[in-house]
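Just below is one structure, and these are the notes that go with it.
Every number here is computed from the coordinates shown, using simple stated rules; none is lab data. Since the model is a prediction, treat every value here as computed from it, not as a measurement. Here the Cβ positions follow ideal geometry from the backbone for every residue, glycine too, while neighbour counts run over all protein chains shown.
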Amino acid sequence: MSRAVVLLSGGLDSTVTLAYALAERDEVIPLTIDYGQRHEREIMAAKNVVNYYGLDSHTIMDIDLHCFVSSALTSSSLTIPERGSVESIREGIPVTYVPARNIIFLSIAAGLCESESAGRVYIGANAVDYSGYPDCRPEFFGQFQRVLEVGTKTGVEGNAVEIVTPIIDLTKGEIVSLGKELGAPLQLTWSCYRGGRVACGRCDSCLLRLKGFEEAGTRDPIPYEEDE
């Protein structure tokens with residue numbers, strides 16, 4: 001058994017990734033980063049997922065990215081877009097892109113790995129059904145792996161922390177199916193960019209999530225505004 005840090009936002013993708021890491025029998029250290037996003041629902045979901053699995057530890061790190069005023073996820077002055085279809089999401093990089101977010105998150109996770117003598121970082125990035133973020137592509141992770149090889153103690157000693165992206169080539173439907181196969185608590189996850197009592201069903205993240213459950217031939221277990 002090897003030790004691994006799993007970046008856990010509380011969303012669908014990161015929760016399935018956590019379930020995958022556990023299925024690989026890694027000793028998991030969940031890492032959730034509160035970066036000043038618009039709401040706390042993600043953090044609550046991450047805590048619920050960790051409790052569901054009965055994991056001994058859960059690292060929650062606070063960093064303040066409110067200075068990143070160009071992102072609708074960190075600036076309340078910007079509006080979260082609503083679109084008519086999933087297809088329109090691919091039109092450019094959306095305003096929900098948080099500058100350098102995965103660079104920051106992976107750096108923190110790699111540092112935690114070195115501190116905890118863990119050899120892997122799992123991240124639930126996806127390059128198939130995604131919102132157009134440049135830091136979710138395979139080429140980004142390939143280059144960041146090189147950064148860890150040359151810029152960390154374990155790297156220069158020839159044992160760099162490995163970045164693991166188990167769902168990067170899966171469609172959202174395949175991610176949902178994998179989650180159900182692994183017994184992941186999908187009912188506890190939160191994907192909506194808004195922090196309402198129930199998911200809006202209209203933001204990019206909700207549209208992609210709903211598309212995934214439809215493709216998997218199953219109903220999303222979380223409530224949406226249209227259900228009320």
Cleavage-rule hits (trypsin sites (Lys or Arg not before Pro)) in region 75-175: DSSP loop, at most 15 neighbouring Cβ within 10 angstrom: R83
Selection from H58, I93, P223, by position along the positive dipole direction of the chain (Cβ): I93
Built amide H within the under 5 Å cut-off of R3, gap 5+: E27, G119
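Provide the net charge surrounding G142, with neighbours chosen by a C-beta distance below 14 Å and charges set as Lys +1, Arg +1, Asp -1, Glu -1.
-3
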Column: log10 I(q)/I(0), Debye, Cα scatterers of region 3-227, q = 0.07, 0.08, 0.09, 0.13 Å⁻¹: -0.20, -0.27, -0.34, -0.73
Formal net charge of residues neighbouring V98 (Cβ-Cβ distance under 12 Å; K, R +1; D, E -1): +1
Charge sum, other residues only, whose C-beta stays under 15 Å from F213's C-beta, Lys/Arg counted +1 and Asp/Glu -1: -4
Helical contribution to [θ] at 222 nm, DSSP H n ≥ 4, -39,500 (n - 2.57), averaged over the chain, rounded to 500: -11000 deg cm²/dmol
